[in-house]
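Take a look at the structure below.
The values are calculated or read from the model by the stated rules, or taken from the named source; none is laboratory data. Since we're looking at a predicted model, the values are computed, not measured. No Cβ is skipped: glycine too gets one built from the backbone with ideal geometry, and neighbour counts run over all protein chains shown. Areas reflect the complete protein model, heavy atoms only, side chains present, ligands, DNA and RNA absent. Shrake-Rupley method; radii C 1.70, N 1.55, O 1.52, S 1.80 Å.
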Amino acid sequence: MRVVFLGAPGVGKGTQADRIAGQFKVAKISTGDLLREAVRTQTPLGLKAKSYMDQGKLVPDDVVIGLVREKLDDPSCANGFVLDGFPRTVPQAEALGRVLTSKGIALDQVVNFQVSREDVVRRLSGRRSCPKCQATFHIDFATPKVEGVCDRCGEPLVQRSDDRRDAIETRLKVYDEQTAPLVRYYDERKLLSPLDASGTVEVVFQQLSRALAPYRVT
Ligand code: AP5
């Protein structure tokens, strides 16, 4: 299974990518997670990416394309992958196409997550994240077992620096200007599949599982 999860910030791509990758036994490749890990461990790439991310702007294409190219070579992708948050610009989509072609493989589907702007803002402003293992929670919709503590690794949860009101606004604007054109890009290539992602986490997961079942590798 080789799929892309496309959609505005906060629509639930990461939450579903985790679950689908587990269910279908494929790799989850999240450029946001990879970049946050680079920032946390203060690698040269992380130091370069941090100021873009804090402001809610996109990190330069060459940086993220390099990250994804490296990940796609990993043996964990042998069964397939879910790309979460990549591609995000037309040049990134073109680069992905070239990398996959050079490997003799192609995308199966691009799922376009759709949620109202109001819900997106509510989901982002209530999100709490684990800085260590990147698990995400929500103060109303996905509460951890112990308030403020990661279920998975026990680390104290934090609010992401780009989940502040001003950064959220920038991210939504950047999405409209730079990422939304990918809807048409993939529609023209007959890969786009719209998903009403406004239901609960469980409802959306069931919808996605059904939609992606044809691509399961047995
Ligand atoms: P990234 O981490 O990719 O952020 P994003 O795309 O803005 O997506 P989010 O992680 O904010 O949202 P999501 O859709 O994954 O939602 P989630 O599942 O967490 O990127 C961060 C930054 O890195 C970018 O701004 C940029 O600077 C840089 N970057 C990353 N990729 C890049 C690229 N390709 N090119 C250039 N720069 C790049 O859910 C959100 C909340 O809602 C959670 O609290 C969750 O619990 C809750 N929730 C989820 N589903 C539901 C539901 N069904 N009902 C109710 N609540 C729900």
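Structural remarks
- Checking Asp163 against (1) under 23 Å from Val120 (Cα atoms); (2) without any contact (Cβ under 8 Å) to a residue 60 or more places away in the chain; (3) surrounded by fewer than 17 Cβ atoms within 10 Å (Cβ to Cβ), the condition it does not meet: (3)
- Of all the listed residues (Leu212, Leu208, Leu192), the sole one being under 23 Å from Phe24 (Cβ atoms), aliphatic (A, V, I, L, M) and within 13 Å of the ligand (Cβ to nearest atom) is Leu208.
- Matching residues, the stretch 66-107, being touching a helix residue (DSSP H, G or I) at 6+ places or on another chain (Cβ under 7 Å), open to solvent by 50 Å² or more (accessible area, probe 1.4 Å) and either assigned to a strand (DSSP E or B) or under 13 Å from Leu182 (Cβ atoms) (or both): Arg88, Pro91
- Any hit, the stretch 46-55, residues being under 17 Å from the mean Cα position of the chain (by Cα) and in a strand (DSSP E or B): no
- Every listed requirement among (1) in contact with a strand residue (DSSP E or B) (Cβ under 8 Å, 6 or more places away or on another chain); (2) farther than 21 Å from Val204 by Cβ; (3) of a type in the set (Val, Ile, Thr) is met by Val146 save one, (1).
- Subset tally (residues that are open to solvent by 30 Å² or more (accessible area, probe 1.4 Å) and without any contact (Cβ under 8 Å) to a residue 24 or more places away in the chain) for the stretch 40-65: 12
- Pick from the stretch 14-31, criterion of a type outside the set (S, T, N, Q) and open to solvent by 20 Å² or more (accessible area, probe 1.4 Å), ranking: farthest from the chain's Cα centre (by Cα): Lys25
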